1. Mind checking which residues of region 1-35 are open to solvent by less than 10 Å² (accessible area, probe 1.4 Å), assigned to a helix (DSSP H, G or I) and touching a residue at least 40 places away in the same chain (Cβ under 8 Å)?
2. Select, from Glu495, Glu458, Glu509, the only residue that is outside any helix (DSSP H, G or I), surrounded by 15 or more Cβ atoms within 10 Å (Cβ to Cβ) and among the charged types (D, E, K, R).
3. Please give the strands (runs of 3 or more DSSP E) falling wholly within region 582-664 in which 1 or more residues are free of Cβ contacts under 8 Å to residues at least 60 places away in the same chain and farther than 24 Å from Val295 by Cβ.
4. Ser561 - would you say it is polar (S, T, N, Q) and touching a residue at least 40 places away in the same chain (Cβ under 8 Å)?
5. Give the residues of region 357-388 that are more than 24 Å from Phe281 (Cβ to Cβ), in contact (Cβ under 8 Å) with a residue 40 or more places away in the chain, outside any loop (DSSP other than H, G, I, E, B) and out of contact with any Gly (no Cβ under 9 Å at 6 or more places or on another chain), sorted by residue number.
6. Just for region 543-559: of the residues that are more than 22 Å from Glu636 (Cβ to Cβ) and exposed (fewer than 14 other Cβ atoms within 10 Å of the Cβ), which one is farthest from the chain's Cα centre (by Cα)?
7. Which condition from (1) modelled with pLDDT of 95 or more; (2) more than 30 Å from the chain's Cα centre (by Cα); (3) surrounded by fewer than 21 Cβ atoms within 10 Å (Cβ to Cβ) is the one that Tyr604 breaks?
8. Please report, ordered by residue number, the helices (runs of 4 or more DSSP H) entirely within region 102-195 with at least 3 residues that are open to solvent by less than 10 Å² (accessible area, probe 1.4 Å).
Amino acid sequence: MKKVELLAPAGNMETLIAAINNGADAIYVGGENFSARAFAKNFDKEELKKAVYTCHLYGVKLYVAVNTVIFEKEIEECLNYLKYLYEINVDAVIMQDIGMMNLTHKLIPNLEIHSSTQVNCHNDECLKFLKELGVKRAVLAREMDINTIRNLKTDIDLEVFIHGALCVSYSGRCLFSSLNGGRSGNRGKCVGSCRLPYEIFKGERKLDINFPLSTKELNTTNNIKEILDSNVASLKIEGRMKSPEYVGYVTKIYRRLIDEYYEGKSPKIKHEEIVNLFKLFNRSFTAGYLFNDDVYNTNSSNHLGYPLGKIVKIDSRKIYIKLTDNLYMEDGIRFVNDGRGMIVNKIYNEKNLLVNHVEKGNIAVIDNKINLRIKDDVNKTIDKNLLKEINSIKPKKIPIKFELIGKIDKPLTLTVTCEESSITKTSIILKKANNLPTSKEVIFEKLSKLGTTPFKAESIHIDVENVFIPLKYLNELRHTLINELIAKRTFSNNEVMFKYQKVKIKNKENNLNVFVRNEEQLLKIKDSAFIIYTDNFNLYKKYKDLNIYYRLPSIMDSFPSYKGERLLVNDLGSLLKYYKDNKIITDYSLNITNSESVKLLQKYSVELVTLSPEIPDYDILNYTKNTEVITYGKLELMVIKNFYLKGKNLVLKDKFGNMFPIINDKYCTILHSKNINLIKQNINTNTRLILLDENERQIDELNKVRKK
C-alpha cells in the first residue's frame, strides 16, 4: 500500500527544519517572486538551493509555489525562474497560470507540475483538462466534500488541505483584495478582506453580525481515518506564514495519526494535543467543507486561544483572574469580549508577591496595562512552556545500516545501506593479529560515532577474523562512506536548454458585447451589441436567433447535456466538456493574464477569451487576437459555497460606507460596490459592458459615453 504524503508549509529555513524534524514527507515553500504568499519571508535563490539540499538529505521532497497569475511582461522571467528550479532539483512546482503550465510542460518537460488550489479544480472534467497540460497532481478546491472526492475518476494525484486557514471564497475566484484594496490574491498579496468587520443588511434591516465573511480554522484530526480511506495522495497543512512552532507541532500530530492508521490502529487525537492546537492558533475549529461542517466564525477573526480563567476583580491598576489553566510569565492572553490582548510580563499571587507562575485553581494578579474596565473571560493565546517544549525536539536522524567484513589477507570492507541505497568501500589488506585482534566492541564504537551527521546507526553487522584493524583506516572508511551517501542523496545534474520567442501581431477587433440580466435590458441593447450574454437560461432560449450566449454557473458540480449551444464558461471543466459540440467564450473568472493562456484556450476552439480585470496594462493585446476586456460593470468579488444567510436583498457594507450587493442563489456571489469604468479608454480589442440593474436611461448614457 502506498502511504499518503504529509505535506507541510515553510516560510523560512527555521520552519523547514521544524517540519523535517517532526515528520513531514514533503514541504512546500515560496520564492521571492510568483508566490501566492508574497508577505511571507520566502526563500531567495540561494536559500532555495539550500532548502532542496536539506530536504533531499533527509529524504523529504521539496515543492516550490509558483502559483500566481503571470503578466505578459513576466513570461520570460518566470520561465528562467522555473529553469533554475528544475536545475537545482526541486521535486515539483505548484502553479496556477494555465498558460505557463502548458508552456513549462513543453519547454521543461521533466519538471513535475502540481496545479494550485487557485485553479479552482472541483470536478472530473477539470482534472482531465489538467492532465492534458501535463499536470501530475491537482490541489483540489477546498469546497469539495470527501464523498465527492472519493468518486473522482482520475489517474493524477489528488491533494487536499487538512489543517489551517480557510478562504471564504472559492480559491482563484476572489477579487475582493485586488479590486477593493489594490492588492491581488491571485498575485500573492491578499490583504485578508474576509477577515475585516462589515455591516450586513437584509433589505433595510441591519443584522447582528460583526465578521460576516470570517471563517474558522480547518482541523481534521478527528476525521483523519475517513481521509486516509479515500483516494487522496497528499494531505496538506496550510501555513507558510505560520511560526516554526506551529508548523512543527501540527506536523507532529498528523504524522502520529497517519502512522497509527498504517499500523492498523484507530488514529485518535489526544486531549492535550487539542488543547495545544487551540493555544498555538485557532479561530475556533471546523472539519470544513470536506465534512460539510459549519465554516464560519462571525464573532472574531483573531486567534482565540484556549480558556484560561475569568476575571473576578478589576481596578485601574490590577486584574484578578481565577485560573482554569496555569499562567506563566511571558504567556500571551486575550480578553474574550473586549478583544484586546497582552503579554504577561509580571504575575503576582493573592498576597501581591511577584511570582514566576500561578497554578490553575488559584487567583493570578496582573498589571492592568490596557486600562481594561470589564470583568471578562480570559484566554491563553501564547503558552511559553508549550513553545519551549516544541523547540526541544531532537533533530531528525536517518537510520542506516553498517556491514563490516575483516578477513585475513583480504581488504577491509565496509558497506552502508540507507533505505534502498547501498555503498561499499574497501581499504587496506588485513593481516592476522600478532597480539590482540581488534575487538567487535571497538569496531562497533567507532562506526557508531556519526556526530553531527544526519544519520544514526540502526544496526551494525560485524564479520571479522583474528585481524588487527588500524583505527585510522576504519575512521576513514566511515567518513568516506557517509560523505558519499550524503552526495548521493543530494546529487543533481538537471540541465535544460530552450528558446522562447514572442511574435507581435496586429489586433483591430473592437466589437461591443453586453451582459444583461433581464429582458428589458436585452431589448434595449440588442441592436447595438455584437454579442449578448445572460445567465438567464429562459431568456437565452427565447432569443436564440440573436448572437446570444448563456453564461454557465461559476461552479459546475454536474454537466447538463449541451449541443449546438453558445456558452460563456467559467471553469476549465466546462471548457473541456462542451468545446467540441458548442460555441465557447471563456469568462474573466479563468484569470487569463498572458498571451500563452489565450493561445492555449484557442486550441480548444474558444472563440473569444475574456481577459482578467487584474491586467495592469494591455501589452497582451500585441501578441494575441480574439480577446475581450471588461470596460464597465460590477465585477464578482467572491463566489461562496453554503453561505449561512439565505434570501434576497443582502448587502455588505464596509467601514468606508461602500455597499457590496450579494446575489444569493445556489452559490453566493458578492459584487463590487463600484462599477469598473474603462469606457473612455481606447482599448484595441472587443469590450464588454456588464449590466446589473441599469434602466433604459442609464444604458443610453453609457452608449453616449462610449461613442464620444
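1. Matches in region 1-35: Thr15, Ala19, Ile20.
2. Every option except Glu509 fails the conditions.
3. Counting at least 1 such residues, we get 583-586, 606-610, 627-633, 659-664.
4. Considered against the rule, which asks whether it is polar (S, T, N, Q) and touching a residue at least 40 places away in the same chain (Cβ under 8 Å), Ser561 comes out as no.
5. Val365, Asp367
6. Taking the candidates together, the pick is Asp545.
7. That leaves (2) as the condition not met.
8. Qualifying helices (runs of 4 or more DSSP H): 124-132.
The values are calculated or read from the model by the stated rules, or taken from the named source; none is laboratory data. Computed from a predicted structure; not experimentally measured. Neighbour counts run over all protein chains shown; Cβ positions are idealised from the backbone, glycine included. Surface areas here come from the heavy atoms of the whole protein model, side chains and all, with no ligands, DNA or RNA. Shrake-Rupley method; radii C 1.70, N 1.55, O 1.52, S 1.80 Å.
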